[in-house]
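Undergrad: For reference, the structure I am asking about is given below.
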Amino acid sequence: MEVAIVKYNAGNIFSVVHALNRLGINPIITDDAEKLSKADKILFPGQGHALTTMTYIREHQLDKIICDLKQPVLGICVGQQLMCRHSEEGDVDCLGIFDVDVKKFDPTRHTDKVPHMGWNSLTHMKGDLYKGMHDDSFVYFVHSYYVPVCNWTVAESEYIQPFSASLQKDNFYATQFHPEKSGFVGEQILKNFLDL
């Protein structure tokens, strides 16, 4: 199986590479349209700022490439946010795969820290990405912005308020959390994605 990771201006993709290596996959990292179109599965992971990453994506015409992909695609963390319509981070229009806007957490109590960082449970899981999983499985988050619960939500979590821990539409899947840093649960989610 050929697995490709989209190369763009985002950090921390090598933890995803190592997680895939542990599953016996040696992915390629590329921004080449032909290589991406020929891959069996695509991952769109990373951490970064929405405005700077979208600027890079548009400058390298990756926006058209990503939106036209027909094979399973998994966005992780900022990858999920960039698949949405618009982000409050940098007030930038994103890829628009999911017709929903990304919002900044608004702390309501002095104990609410932003970014939200740490382990939280998943609820309301559905779809192939969560096959064999049970509510209250814990995964690892690091984020200051979130996607509200919407028509494409396939898993929820709660911090300050309920939010979309995961989205899915057609061949596009996304997680706000980091499956590559989420132990056995994250490994199972990656396996389920590779089995799609």
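Undergrad: Can you list, bin by bin at 10 Å, the percent of alpha carbon pairs in region 28-114, starting at 0?
TA: Going out from 0 Å in 10 Å bins, region 28-114 shows 16, 48, 25, 8, 3 percent.
Undergrad: Residue 136 versus residue 117, label points 7 Å from Cα toward the beta carbon: distance in nm?
TA: 2.8 nm
Undergrad: Please give every one of the lysines within straight-line cross-link reach of residue 113, meaning a C-alpha to C-alpha distance under 27 Å, and leave out same-chain neighbours fewer than 8 residues apart.
TA: Output for residue 113: 103, 104, 181.
Undergrad: Would you compute the Debye intensity of the chain from its alpha-carbon atoms alone, equal scatterers and no solvent, and pass along log10 I(q)/I(0) at q = 0.13 Å⁻¹ to two decimals?
TA: -0.62
Undergrad: Quick one: accessible surface of residue 113, probe radius 1.4 Å, all protein chains present, in square angstrom to the nearest 10.
TA: Approximately 130 Å² for this residue.
Undergrad: Moving on. Can you work out the accessible area per residue across the chain, with the rest of the protein chains kept in place, probe 1.4 Å, in square angstrom? Walk me through the numbers before you get to the answer.
TA: Working: 8870 Å² over 196 residues.
I get 45 Å² per residue for this part.
Undergrad: For a paramagnetic label modelled at 7 Å from the Cα of residue 60 toward its Cβ, which residues of region 81-119 fall within the zone defined by backbone nitrogen distances under 16 Å?
TA: Inside the label zone: 82-83, 95.
Undergrad: Ordering 123, 111 by how much accessible area each has at a 1.4 Å probe, largest first, what is the list? Please list the in-between numbers first.
TA: Numbers: 123 40, 111 80 Å².
Ranked from most to least accessible, the order is 111, 123.
Undergrad: Once you charge only the Cβ atoms, +1 for Lys and Arg and -1 for Asp and Glu, what is the size of the charge dipole of region 3-194 about its Cα centre, to the nearest 20 debye? Could you put the intermediate results ahead of the total?
TA: Values: 18 positive and 23 negative charges, 87 e Å.
So the dipole magnitude of region 3-194 works out to roughly 420 debye.
Undergrad: Please identify, among 93, 31, 68, the residue showing maximal mean-square fluctuation in a Gaussian network model of the chain using a 10 angstrom Cα cutoff.
TA: So, out of 93, 31, 68, the one fluctuating most is 68.
Undergrad: Let me ask you something else. Please calculate the 1.4 Å probe accessible area of residue 130, with all protein chains present, and give it to the nearest 10 Å².
TA: Number for this one is 10 Å².
Undergrad: Once neighbouring chains are kept in place and the probe is 1.4 Å, which whole percent of the accessible area of the chain is contributed by carbon and sulfur? Don't skip to the answer; put the middle values down first.
TA: On the way: 4240 of 8870 Å².
Roughly 48 percent of what the probe reaches on the chain is carbon or sulfur.
The values are calculated or read from the model by the stated rules, or taken from the named source; none is laboratory data. The structure displayed is predicted, hence computed values, not measured ones. With ideal geometry, Cβ positions are generated from the backbone for all residues, glycine too; neighbour counts draw on all protein chains shown. These area figures cover heavy atoms from the full protein model, side chains too; ligands, DNA and RNA do not enter into them. Shrake-Rupley method; radii C 1.70, N 1.55, O 1.52, S 1.80 Å.
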